[in-house]
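J.: Sharing a structure with you now.
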Amino acid sequence: MAEEMIKKNDLIYLILDNRRKWLVTVKEGEEFQTHKGIIKFDEIIGKPFGSVVFSQPYETQGYKFYVLKPLPSDYVIHMSRKTQIIYPEDAGLILVYSGIGPGSKVIEAGCGSGALTCILGNYVRPDGYIYSYDIREKSLKRALRNVIKANLQDFVSIQYGDILIDDFEHTNVDSVVLDMPQPWKAIERIKTYLKLSGTLVSFSPTIEQVKKTTFALQENGFYEINTYELIKRKFQVKENATHPEVRMIGHTGYMTFARKIKDIKNPYREKKPKQDEFVKLNGMPLRGGEE
Ligand SMILES: C[S@@+](CC[C@H](N)C(=O)[O-])C[C@H]1O[C@@H](n2cnc3c(N)ncnc32)[C@H](O)[C@@H]1O
């Protein structure tokens, strides 16, 4: 694939070193101020992603900055946030275990800071859509800003909506993704939005929430109900000192997945065999039961 050139209004990942990294939109004729000098955007426009740029004034600053194309994980870590966000590794599991991909129609509640919204929006392109709802005005505003910054506004809507009480006009969506305090209360309503075989994903920080959600899913006839937790370990790689980093994030949350099905009773296997129908081997029953 040909090298991708940086254009005006592109989002870039500007890196000075391991600790100093920014997500910035390239504005023609404008500049980005850092404590290590000024980056003039006109110097970046027209260069390929993966290039370097030096801060000005060159004589007194002249630090080297790397310009990369941001990955979905970079959006999440560097975006503006107030609520607890979903981390990239959890978002990865959500994508592969929900089947959300190009063309998927997805309901999300709540959008929070829009971290997961941006990842999902990125993956449903070019013809899918994320309908994201929240009940807090601050979350809605912040999420919308982040979605626009990621240039995903054609694939995502951010709207006021209470998933517990509002009737949304959605039917046959591929997936519903919940990251909110009481997901179990939303399960019955959500069933009406999902298509058959569609996936429900619920992200919760506590096991108490997971249990309530799982029981609600069982009561509402969902199938393939599974909960997972991911522990990610980053490695320090050095000559004679390679090992997992000493500090790590010990807990993010639990992810519960389920499928909507249309169940009917099995007319062929309703009657269980009686005890005396069991075959016996040398006086021992083949399955359970007494002599
Ligand atoms: C932890 S945040 C979600 C973070 C988000 N997944 C992210 O990655 O940025 C939880 C959000 O759920 C919203 N929320 C709570 N109850 C809700 C409801 N009944 N309907 C819609 N959103 C709700 C809250 O306002 C809050 O913004």
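J.: Taking R0 as 51 Å, what FRET efficiency do you get between residue 234 and residue 167 from their Cβ-Cβ distance, rounded to the nearest 0.05?
T.: About 0.70, to the nearest 0.05.
J.: To the nearest 20 debye, what is the magnitude of the charge dipole of the stretch 11-70 about its Cα centre, counting +1 on the Cβ of each Lys and Arg and -1 on the Cβ of each Asp and Glu?
T.: 340
J.: The stretch 1-52: which GluC sites (Glu not before Pro) are DSSP loop and have at most 16 other beta-carbon atoms within 10 angstrom?
T.: In loop regions of the stretch 1-52 (DSSP not H, G, I, E or B), the sparsely surrounded GluC sites (Glu not before Pro) are 3, 4, 28, 30.
J.: Shifting gears a bit: Rounded to the nearest 10 Å², what accessible area does residue 25 show when all protein chains are kept and the probe is 1.4 Å?
T.: Per-residue accessible area (residue 25): approximately 40 Å².
J.: Then there is this: Quick one: go through the stretch 191-207 and flag any residue whose amide nitrogen is under 12 Å from the point 7 Å out along the Cα-to-Cβ line of residue 218.
T.: In the stretch 191-207, the label zone of residue 218 (backbone N under 12 Å from the point 7 Å along Cα→Cβ) covers no residue.
J.: Using only the alpha-carbon atoms, how far is helix 88-98 inclined from the longest principal axis of the chain? Give it as 0 to 90 degrees, nearest 10.
T.: 40
J.: Moving on. What 222 nm value per residue comes from the helices of the chain, counting each DSSP H run with n ≥ 4 as -39,500 (n - 2.57) and dividing by all residues, nearest 500 deg cm²/dmol? Don't skip to the answer; put the middle values down first.
T.: Details: 6 runs with 59 residues, N = 291.
So the calculated ellipticity at 222 nm is -6000 deg cm²/dmol.
J.: For the stretch 95-170 and the stretch 220-243, what is the centre-to-centre distance using only Cα atoms, to the nearest Å?
T.: 25
J.: Related question: Using heavy-atom solvent-accessible surface (probe 1.4 Å) with all chains present, what is the largest-first order of 78, 170?
T.: Numbers: 78 60, 170 30 Å².
Highest to lowest solvent-accessible surface, that is 78, 170.
J.: Over the stretch 11-70, how many pairs of lysines fall under 16 Å by alpha carbon, counting only those 8 or more apart in sequence or from different chains?
T.: Taking the stretch 11-70 as the scope, the lysine pair count is 10.
J.: Scan the stretch 1-105 for chymotrypsin sites (Phe, Trp or Tyr not before Pro) in coil per DSSP, keeping those whose Cβ has at most 13 other Cβ atoms within 10 Å, and list them by number. Don't skip to the answer; put the middle values down first.
T.: Working: sites: 13, 22, 32, 41, 49, 54, 58, 63, 65, 66, 75, 97; in loops: 49, 58, 63.
Passing sites in the stretch 1-105 are 58.
J.: In the stretch 177-270, which chymotrypsin sites (Phe, Trp or Tyr not before Pro) are in a loop and have at most 15 other Cβ atoms within 10 Å, using DSSP for the loop call?
T.: 268
J.: Turning to a different aspect of this structure: Out of 231, 118, 186, whose Cα points farthest toward the positive end of the dipole of the stretch 73-259 (charges: +1 Lys, Arg; -1 Asp, Glu; placed on Cβ)?
T.: About the Cα centre, the residue reaching furthest to the positive side is 231.
The values are calculated or read from the model by the stated rules, or taken from the named source; none is laboratory data. It should be emphasised that the depicted structure is a prediction, and the values quoted were computed from it without experimental measurement. FYI the Cβ positions are ideal-geometry reconstructions off the backbone, even for glycines, and counts take in every protein chain you see. Protein only, heavy atoms only, side chains kept; ligands, DNA and RNA dropped before computing areas. Shrake-Rupley method; radii C 1.70, N 1.55, O 1.52, S 1.80 Å.
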